[in-house]
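Step one of this worksheet: look at the structure below.
The numbers here are math on the coordinates, done by the rules we state, and not lab data. Just so it is clear, the model here is predicted, and its values are computed rather than measured. Reconstructed Cβ throughout: ideal geometry from the backbone, glycine too, with neighbour counts over all protein chains shown.
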Amino acid sequence: MLGRCSKRMSNFALALLHDQPILLSAISVGALVHAAFTSPRKVWSIVVRIPIKTIRLNWVRAISVALVLWATAISAATLSWDAVSAPDLAGYRVYQCSQTPCEELSGTATLLATLGMVTSFNIGAPTGTQYYMVTAYDLENNESDPSNVVTYIPSPPPTATVSLTVLGSPDRGEPWAVQATTNASGTVSVQFWVNGSLGFVANSGPYCSFGNNGTSCSRALYPFGDYTVEARVLSNGVEVARQAIVVTTAAATVGLTVLGSPDRGEPWAVQATTNASGTVSVQFWVNGSLGLVASSGPYCSFGNNGTSCTRVLYPFGDYTVEARVLSNGVEVARRAIAVTAAPNTNPIAATVSLTVLGSPDRGEPWAVQATTNASGTVSVQFWVNGRLEHTESSSPYCSFNDSSASCSRVLKSSGFYTVEARVLSNGVEVARQTIVVRAAT
């Protein structure tokens, strides 16, 4: 019968309760001691297990090697020991402690694994300091004393760092962003502080100062000035790295050019040129009143035809034309210019001629058509017998309306009709002509 005599045997002296003296003899075989006991009544055969620490002298060195490997980027540590040579060996038990003393009697040891006939065990990569010891057990579940205790001390994690990159060209007045790159692990977020105020928190990469579209940073156009952008990296809610960068944005500019020769009485316009980026629009203010908003180039005070500015003939006087440049709805530049419009020193007099259509003297329907060389925005008022009859805003200019191609003729009652055509250019009368029509029955 094999049985366990003691877990702590250093001299193999047995104190068995028998009434007769016992003769003890021991023979060392591998890792076991076979002891034969004789008495007048019975012969005892007992196997006494020697603690692993008396037969395993180099296992500490083997564990130390494993820990060094973990510190050089290996993902786990491995305990290893020499095999115990015994016919009834069943396996080994690995115990783990989080504090010292590490022993079963103190209640600090926890059974980590019960193993078979192996000589190593992967303990993983614990995050804190741990203590380990190993015992051997036989087929009857007798267990040896524990081995010496080995300490596992994890290497400190790599220091988290963060680097910042400015995207875009803020020094050219373009939209920009700051992107952070970090080696922090765990649940990572990056706070972006601009001039001391929290602007944005990025919870996933790419980590960008003004957000991202899933793959790249969103860029923003900021007014002229200096901006200190600070990235604070948090891992599992704890700040682990911080870096700051200063971004200087350039002012957007706008230049104004007068087109035409207003000082010679000719039609003119003011064109604005700007380096502003983003969604750009230009407001044109004339003598303090908003005249026109140009949302695409060319940016012109009185509109454009898609490729060039529309020029307008303004009455004699001084005009302050102010261009206000907006980028993404925010004014980023402003400039004004004074334009003096002079009378035309060599004007071409506007004229108007009248033609009677039809034969009113035969009692037929008739109309009066006006032809003029007036320029600008032209309209013709038709007055009949001193009363405003009709106003034509486009050619052909007809006394009683038109069908877009020819004048509409009307049958009037017998009598005399004084038809007067007054030609207006840009709202100002520039020519007048009268004709008398006699309508017969």
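Remarks
- Placing unit charges on the Cβ atoms of the charged side chains and taking the dipole of the stretch 164-249 about its Cα centre, the candidate lying farthest along the positive direction among Thr181, Val166, Ser235 is Ser235.
- Inter-probe distance in nm under a simple model that places probes 7 Å from Cα toward Cβ, at Glu143 and Ser204: 4.8 nm
- What the phi angles of the stretch 379-386 give under the Karplus curve with 6.51, -1.76 and 1.60, with θ = phi - 60°, is a coupling list of 9, 10, 8, 10, 10, 10, 6, x Hz, glycine and proline written as x.
- Of the chymotrypsin sites (Phe, Trp or Tyr not before Pro) found in the stretch 286-352, those that fall in a DSSP loop while having at most 11 other beta-carbon atoms within 10 Å are Phe316.
- Annotation for the stretch 220-289: chymotrypsin sites (Phe, Trp or Tyr not before Pro) lying in DSSP loop with at most 14 further Cβ atoms inside 10 Å of their Cβ are Phe224.
- Volume per residue of the convex hull around the Cα atoms, evaluated for the stretch 212-323, comes out as 148 Å³.
- Binned Cα-Cα distances of the stretch 352-439, short to long, each 10 Å bin given as a whole percent: 19, 54, 23, 4
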